[in-house]
Amino acid sequence: MHPWDVIIIGAGAAGMMCAIEAGKRDRKVLLLDHAKAPGEKIRISGGGRCNFTNLDTSPKAFLSQNPRFCISALSRFTQHDFIALVNRYGIAWHEKTLGQLFCDSSSRQIIDMLVTEMRKADVTLRLQTSPSDVARTDTGFRLSLPEGEVSCSSLVIATGGKSIPKMGATGFAYELAARFGLRLVETRPGLVPLTFDPAMLQRLAPLAGVAVEAEVSCGKQSFREAMLFTHRGISGPAILQISSYWREGQEIRISMTPDIDIFDALRRARAENGRQNLKTALASLLPRALAEIIADGTAGNIADMPDRELRRISDAVSSWRIKPVGSEGYRTAEVTLGGVDTRDLNSRTMEANGVPGLYVIGEAVDVTGWLGGYNFQWAWSSGWSAGQAT
Ligand code: FDA
């Protein structure tokens, strides 16, 4: 007999949900975290209001080498199940946009709710501790903690990804999984701002802080949301979304006026008031700073500009092709793409195929959601699923 039935490493969104569910099944659960408080990423998420799920959650909003892997967990514990839990606690929420649900007041309410649920389920939470070694035994696992050894029959890895190392994110999950023979899908930062080379940055410097509604595409994927020029390159929801699909060396296409046929609009401007210059005509369609950059070097009245020239200008606005040089990396990335290979996990329980009793959940798994509450939903769903099995 082990002192603990289940030990979960990582008291983030996935680890807490798993602890609650296992505890409700009368399993003796120990939840460990090296941080001072549980759910630190929940606390800072959604600008302090936690975008805790998305009404439109479906497998198409997730990236993985096996896009079907997430189906089982997402359908066993859905966005509506999480909303029902939030409602039981009387936490007020609202839909901001595109199905994204946020707390009206504070993300702390979500953490408090989970901590209360853990208390009710008799989960033991131990903070500021982390195993220096994890070994498999005949009947389970043994962990070496600074305060001594602990053992369990089920071990859950819930230590998340590498994003925001300043907050204590580590590659612990990947190292531990690899030690137990699980395969890894190469990791890279996702939902991250993209950067430009110095020459492009210098050219676009006056645009820092300018935002437009844009349609941004990479390969076959596109997103239509706000885009923001920054001192390092481009950011904003549309760019964060596309960054998860973008690979170094690839080009992205940006339409900065997705609702307007800009060629047509410029031709109309030329017909109606040909004595204006291009900058003035563009400024009625785009933020002024952007109009100035695009019109830069173009002299004279718009009346003197042939269709060919207007077409070139409209392409620069509605089909801008740009090769970012990189991304801001894990320092600012909201998530980590890749992770523990789903081929080595059971999609219903998250248990490792070759290592009975070992589970991997949350961001550590090669399942990554779009921006908009999808990543927390994956954490809740995968944590819940493991919690039924551990
Ligand atoms: P999570 O990272 O939450 O938890 C892992 C836990 O493991 C942490 O508590 C950590 O301290 C602990 N840990 C790590 N290494 C350890 C070790 N060696 N020993 C012991 N403990 C260890 N998603 C979303 O859906 N809506 C949103 O609004 C946002 N907003 C957002 C903002 C920002 C700034 C970031 C960085 C991320 C988001 N996200 C988000 C993404 C979301 O936060 C993320 O996908 C989930 O927190 C993942 O949950 P996990 O439980 O898997 O990992």
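No lab work stands behind these numbers, since they all come straight from the coordinates. Worth saying up front: this structure is predicted, and the values here are computed from it rather than measured. Note: ideal-geometry Cβ built from the backbone for every residue, glycine included; neighbour counts use all protein chains shown.
Structure notes:
- Amide H contacts under 5 Å for VAL365: VAL340, restricted to partners 5 or more places along the chain or on a different chain, H placed in the peptide plane at 1.01 Å from N.
- Across region 178-189, coupling constants 3J(HN,Hα) worked out from phi with the 6.51/-1.76/1.60 Karplus curve, θ = phi - 60°, read 5, 5, 8, x, 7, 7, 10, 9, 3, 9, 7, x Hz, and Gly and Pro carry x.
- Under 19 Å from a label point set 7 Å out along the Cα-to-Cβ vector of ALA226, the amide N atoms of region 307-347 belong to 333-334.
- Taking 0.890 mPa s as the viscosity and 25 °C as the temperature, the Stokes-Einstein diffusion coefficient of region 171-220 based on its alpha-carbon Kirkwood radius rounds to 161 µm²/s.
- For the pair GLU213 and ASN353, the difference between a 0.36 nm per residue extended length and the Cα-Cα distance amounts to 45.9 nm.
- Full-stretch length increase - SER319, LEU55 - with 0.36 nm per residue and alpha-carbon distance subtracted: 91.9 nm
- The label point for ARG183 and the one for ARG288, both projected 7 Å from the Cα toward the Cβ, are 5.8 nm apart.
- Across every pair of non-identical alpha carbons in region 193-327, the mean reciprocal distance, once inverted, gives a Kirkwood radius of 15.3 Å.
- Per-residue HN-Hα couplings for region 107-120 [Karplus 6.51, -1.76, 1.60; θ = phi - 60°; Hz; x = Gly/Pro]: 5, 4, 4, 5, 4, 4, 4, 5, 5, 5, 4, 5, 4, 4
- Over all distinct Cα-Cα pairs of the chain, the Kirkwood formula returns a hydrodynamic radius of 22.6 Å.
- Under the Debye formula (equal points on every Cα, no solvent term), log10 I(q)/I(0) of region 259-385 at q = 0.16 Å⁻¹: -0.79
- Couplings 3J(HN,Hα) for region 296-313, derived from phi with the Karplus relation 6.51 cos²θ - 1.76 cosθ + 1.60 (θ = phi - 60°), are 3, x, 9, 9, x, 7, 5, 4, 8, 9, x, 3, 4, 5, 5, 5, 4, 5 Hz, where x marks Gly and Pro.
- Summarising the amide proton neighbourhood of LEU337: residues at separation of 5 or more, or on other chains, whose placed amide H is nearer than 5 Å comprise ARG188, GLY190.
- Using every pair of separate Cα atoms, the Kirkwood estimate puts the hydrodynamic radius of region 105-258 at 19.6 angstrom.
- Amide H contacts of VAL360: ILE157, ALA352, each under 5 Å away and 5 or more positions distant or on a separate chain (H built 1.01 Å from N in the peptide plane; Pro and chain starts excluded).
- Extending 7 Å from the Cα toward the beta-carbon at both HIS94 and ARG312 defines two label points whose distance is 4.7 nm.
- By other beta-carbon atoms within 10 Å, ranking VAL210, VAL340 with the fewest at the front produces VAL210, VAL340.
- Within straight-line reach of LYS220, meaning a Cα separation under 23 Å, sit the following lysines at least 8 residues removed in sequence or on another chain: LYS60, LYS323.
- Proximal aspartates and glutamates relative to LYS166, as straight alpha-carbon distance under 16 Å, when same-chain residues fewer than 8 apart are discounted: ASP33, GLU40, GLU328, GLU334
- Region 17-160: C-alpha gyration tensor shape, a/c 1.5 cut-off, then a/b vs b/c: prolate
- Percent of beta bridges antiparallel (DSSP, the chain, rounded to nearest 5): 75 percent
- Given their separation in residues at 0.36 nm each and the Cα-Cα distance between them, ASN301 and ARG268 gain 10.5 nm when the chain is fully extended.
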